[in-house]
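Engineer: Got a structure here, written out as structure tokens. Questions coming.
The values are calculated or read from the model by the stated rules, or taken from the named source; none is laboratory data. Please read these numbers as outputs of a predicted model, since none were measured by experiment. Here the Cβ positions follow ideal geometry from the backbone for every residue, glycine too, while neighbour counts run over all protein chains shown.
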Amino acid sequence: MSAPGKPVTILATLGDPNGIGPEITLKAYHRMTSSSSMRLQLVGSGKVVADTARRCGLPAPPLEVLIEPSYHPREPLQPGRLQAESGRLAYQCLRTAHDLITSGRADGLVTAPWNKEALHLAGCPQVGHTEALAALTGATDPITLFVTGPLRIAFLTRHLALSAAVAAVTRQRIELFVRRLVVELGRIGIAKPRVAVAALNPHAGEGGLLGREEIEEIEPAVRTLQAEGLNVTGPVPADAVFHAAIEGQFDCVVALYHDQGHIAAKTRDFFGTVSLTLRLPYVRTSPDHGTAFDIAGRGEADPRSMILAIEVAADHCRR
């Protein structure tokens, strides 16, 4: 954390160099109003930044703004192409940013999207940013929280196949997750949060006719949490719970699997959603979209989500 009156330093990794990460990061850098309370530095390849600036018709940032990792790709990188080298560079940028923050040279981190398949090709054991940061920091069970307007969504599971995510919906996991979530929400200023746990099956299982997870796992977990004094409701049918949260009935919704929450957030505001990772030793945010290989290198990518992610990271660092 910066000293009082000193600007916070936010590091922004460029993500997969073959995706839109370099473009949205560079556009965000140029479009954001300079501030005495925030200093932004980019972590990535100087060549990638120069190539991106040329394609987008933007000036390259000053040298003091860019931090290069020690790793340099062994083959040419091509926008829109799946390459192990692009995944390897993306991971090295993350490691560089982590090392800078933990050594006290920066305060918070914003990660542009990377491609999980490229990370896998590169041999990285974790394919998601959150899992990689947990391994780097030693954090136990970090929580992904999506924020878009009044809607907050926390994910019980993240990058699991749907069958594995369903198997992970257990009473014990829900109870532990919600207890930790309530603590973390308090740390970001939401005292005594009203939490809704989404249902897994259609119509919350229809009394067991459409699935028994609500009866056997979710309802018992919610009753236990309520007995502990927590303001928890559920299971709430997933086709209604997110609207109820937007209307102000809940402070946070627990989504049980990846797409359950992603669809709700991205439908409400695709470019106005930020992912905030809780339970890390430093602030980390990211835009809520992927690498968009289909438009990479064309100069068409919209940086709004990246700009918002940087603003949210700086705000949380100041707090």
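Engineer: Taking THR33 and the conditions (1) modelled with pLDDT of 95 or more; (2) over 20 Å from ALA292 (Cα atoms); (3) part of a loop (DSSP other than H, G, I, E, B), which numbered condition does it fall short on, given that it satisfies the others?
Structural biologist: Checking THR33 against (1) modelled with pLDDT of 95 or more; (2) over 20 Å from ALA292 (Cα atoms); (3) part of a loop (DSSP other than H, G, I, E, B), the one that fails is (1).
Engineer: Just wondering, is there one or more residues in the stretch 144-160 that are in the same structural domain as PRO237 (by TED's automatic domain parsing) and part of a helix (DSSP H, G or I)?
Structural biologist: no
Engineer: Please state which of the following conditions LEU42 fails to meet, knowing it meets all the rest: (1) crowded, with 18+ Cβ neighbours inside 10 Å; (2) out of contact with any Asp or Glu (no Cβ under 8 Å at 6 or more places or on another chain); (3) in a loop (DSSP other than H, G, I, E, B).
Structural biologist: That leaves (3) as the condition not met.
Engineer: Turning to a different aspect of this structure: Sort through THR285, THR273 and tell me the only one that's under 13 Å from the mean Cα position of the chain (by Cα), modelled with pLDDT under 95 and surrounded by 20 or more Cβ atoms within 10 Å (Cβ to Cβ). Give the steps one after another, and end with the answer.
Structural biologist: Working: THR285 fails: modelled with pLDDT under 95.
So the residue among THR285, THR273 that is under 13 Å from the mean Cα position of the chain (by Cα), modelled with pLDDT under 95 and surrounded by 20 or more Cβ atoms within 10 Å (Cβ to Cβ) is THR273.
Engineer: Being in contact with a strand residue (DSSP E or B) (Cβ under 6 Å, 6 or more places away or on another chain), buried (at least 19 other Cβ atoms within 10 Å of the Cβ), under 22 Å from GLY128 (Cβ atoms) and at pLDDT below 95: is that true of HIS316 here?
Structural biologist: Working: in contact with a strand residue (DSSP E or B) (Cβ under 6 Å, 6 or more places away or on another chain): yes; buried (at least 19 other Cβ atoms within 10 Å of the Cβ): yes; under 22 Å from GLY128 (Cβ atoms): yes; at pLDDT below 95: yes.
Here the answer is yes, as HIS316 does meet what is asked.
Engineer: Can we say VAL197 is crowded, with 17+ Cβ neighbours inside 10 Å, closer than 18 Å to PHE242 by Cα, assigned by TED's automatic domain parsing to the domain that holds ASP251 and of a type in the set (A, V, I, L, M, F, W, C)?
Structural biologist: Values: crowded, with 17+ Cβ neighbours inside 10 Å: yes; closer than 18 Å to PHE242 by Cα: yes; assigned by TED's automatic domain parsing to the domain that holds ASP251: yes; of a type in the set (A, V, I, L, M, F, W, C): yes.
So VAL197 fits the description; yes.
Conditions tested, residue by residue: (1) part of a helix (DSSP H, G or I); (2) free of Cβ contacts under 8 Å to residues at least 24 places away in the same chain.
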site	(1), (2)
PRO69	no, no
ARG74	no, yes
GLY80	no, no
SER86	yes, no
LEU89	yes, no
GLN92	yes, yes
ARG105	no, no
TRP114	no, no
